[in-house]
Amino acid sequence: MRRIVSVVVLLGSLLLMCFSVQAATKAVGFDFGRGTHKAYFSVKTKRPPAFHVVLRIRNNGTRAILSYRKSTWRKRQALMDTRSYGCEGAAGSLYCEARYENFPEGTYVFFLRKVGRRSTHVDVSLDC
């Protein structure tokens, strides 16, 4: 009887560990009007992250640049640029996807900048 209880407790703790290690997803959408050109959001990680980034923008001649910086850094680092990244177009949208690994843990601030005069909507999905 003790063995059965200990096996059940062990399996329960393993399942709990598996669910607590699952990746967190942050999905944000921004509506950029004619005069709006910048937006940002932050992500805090408790372990060294590997980011999976998906950027989707309406294909109306507007360019988007996604960059990031850690909260302790001064300079931003560019992640994606819809002009030079090689995004795929489908159904009137540009779709960019990338994976980034070996980041130190901490708080990251992601910056999204729209280049162009037209209004557009941009979706950013981030798995860490």
Practice task
Please work out which one of (1) within 19 Å of Ile57 (Cβ to Cβ); (2) of a type outside the set (Phe, Trp, Tyr); (3) surrounded by fewer than 10 Cβ atoms within 10 Å (Cβ to Cβ); (4) under 18 Å from the mean Cα position of the chain (by Cα) is the condition Ala91 fails and give its number.
Solution key: (4)
Problem - Subset of the range 55-73 that is out of contact with any Leu (no Cβ under 8 Å at 6 or more places or on another chain) and open to solvent by less than 70 Å² (accessible area, probe 1.4 Å) - its residue that is farthest from Glu105 (Cα to Cα) - result: Asn60
Handout entry: Filter result for Ala78 (over 18 Å from Gly29 (Cα atoms) and of a type outside the set (D, E, K, R))
Key = yes
Exercise for the section: Hand me the list of strands (runs of 3 or more DSSP E) wholly inside the range 20-83 holding 2 or more residues that are touching a residue at least 40 places away in the same chain (Cβ under 8 Å) and among the β-branched types (Val, Ile, Thr). Expected result: 25-32, 51-58
Completion exercise
The residue that is nearest to the chain's Cα centre (by Cα), considering only those in the range 44-78 that are under 18 Å from Phe32 (Cα atoms) and of a type in the set (Ser, Thr, Tyr), is Ser67
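Looking at Arg34, Arg76 in this structure, which one is open to solvent by 90 Å² or more (accessible area, probe 1.4 Å), at pLDDT below 85 and among the basic types (Lys, Arg)? Spell out how you get there, then give the answer.
On the way: Arg76 fails: at pLDDT below 85.
Going through Arg34, Arg76 in turn, just one is open to solvent by 90 Å² or more (accessible area, probe 1.4 Å), at pLDDT below 85 and among the basic types (Lys, Arg): Arg34.
The values are calculated or read from the model by the stated rules, or taken from the named source; none is laboratory data. Since the structure is predicted, the reported quantities are computational estimates derived from the model, not experimental observations. Glycine gets a Cβ as well: all are built from the backbone with ideal geometry, and neighbour counts include every protein chain shown. The accessibility values were calculated without ligands, DNA or RNA, using every heavy atom of the protein model including side chains. Shrake-Rupley method; radii C 1.70, N 1.55, O 1.52, S 1.80 Å.
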